[in-house]
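Have a look at the structure below before the remarks.
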Amino acid sequence: MIVWPSAKARRVLAALAKLGWQVKRQTGSHKTLARPGWPDVVFAFHDGDEIGPRMLARLAKHTGLSPTDL
C-alpha cells in the first residue's frame, strides 16, 4: 500500500509542473492543467491549502503523480 503524506497545494502544483503539467487557464483558484497525452485536470486549491492523503491519491490517479515526486 502506498502511503501519501499531506502537502501544501503550492508544493503539489510544483511537483505537477516538474512532471510536465502546465496551467492551461485559470478562473479564481480553479486552475485547469494540461499535459500532452493526458486529459485535462482541474486543480481547485489555494496555494496555502493543505491537501490530505486521500485527495492526493485521487489526484495521482489522474495525473501520474507519485509520493516520491513531492
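Against the condition of a type in the set (S, T, N, Q) and touching a strand residue (DSSP E or B) at 6+ places or on another chain (Cβ under 7 Å), how does SER66 come out, does it pass? Against the criterion (of a type in the set (S, T, N, Q) and touching a strand residue (DSSP E or B) at 6+ places or on another chain (Cβ under 7 Å)), SER66 does not qualify.
Among the residues making up segment 20-35, those that are open to solvent by less than 50 Å² (accessible area, probe 1.4 Å) and out of contact with any Phe, Trp or Tyr (no Cβ under 6 Å at 6 or more places or on another chain) are GLY20, TRP21, SER29, THR32, ALA34. Identify all residues within segment 23-49 that are touching a helix residue (DSSP H, G or I) at 6+ places or on another chain (Cβ under 8 Å) and either of a type in the set (Gly, Ala, Ser) or outside any loop (DSSP other than H, G, I, E, B) (or both); write none if there are none. Hits for segment 23-49 are LYS31, LEU33, VAL41, PHE43, GLY48. Only one entry of ARG58, ARG10 meets the criterion of being outside any loop (DSSP other than H, G, I, E, B), in contact with a Gly (Cβ under 9 Å, 6 or more places away or on another chain) and not small (Gly, Ala, Ser), and that entry is ARG10. Every listed requirement among (1) at pLDDT 95 or above; (2) part of a loop (DSSP other than H, G, I, E, B); (3) of a type in the set (Gly, Ala, Ser) is met by ALA15 save one, (2). Please go through segment 1-30 and pick out each residue that is under 10 Å from the mean Cα position of the chain (by Cα) and without any contact (Cβ under 8 Å) to a residue 24 or more places away in the chain. Across segment 1-30, the qualifying residues are ALA14, ALA17.
The values are calculated or read from the model by the stated rules, or taken from the named source; none is laboratory data. Quantities reported herein were computed from a predicted structural model and do not represent experimental measurements. With ideal geometry, Cβ positions are generated from the backbone for all residues, glycine too; neighbour counts draw on all protein chains shown. The protein model used for the area step is the full one, side chains on, heavy atoms only, and it has no ligands, DNA or RNA in it. Shrake-Rupley method; radii C 1.70, N 1.55, O 1.52, S 1.80 Å.
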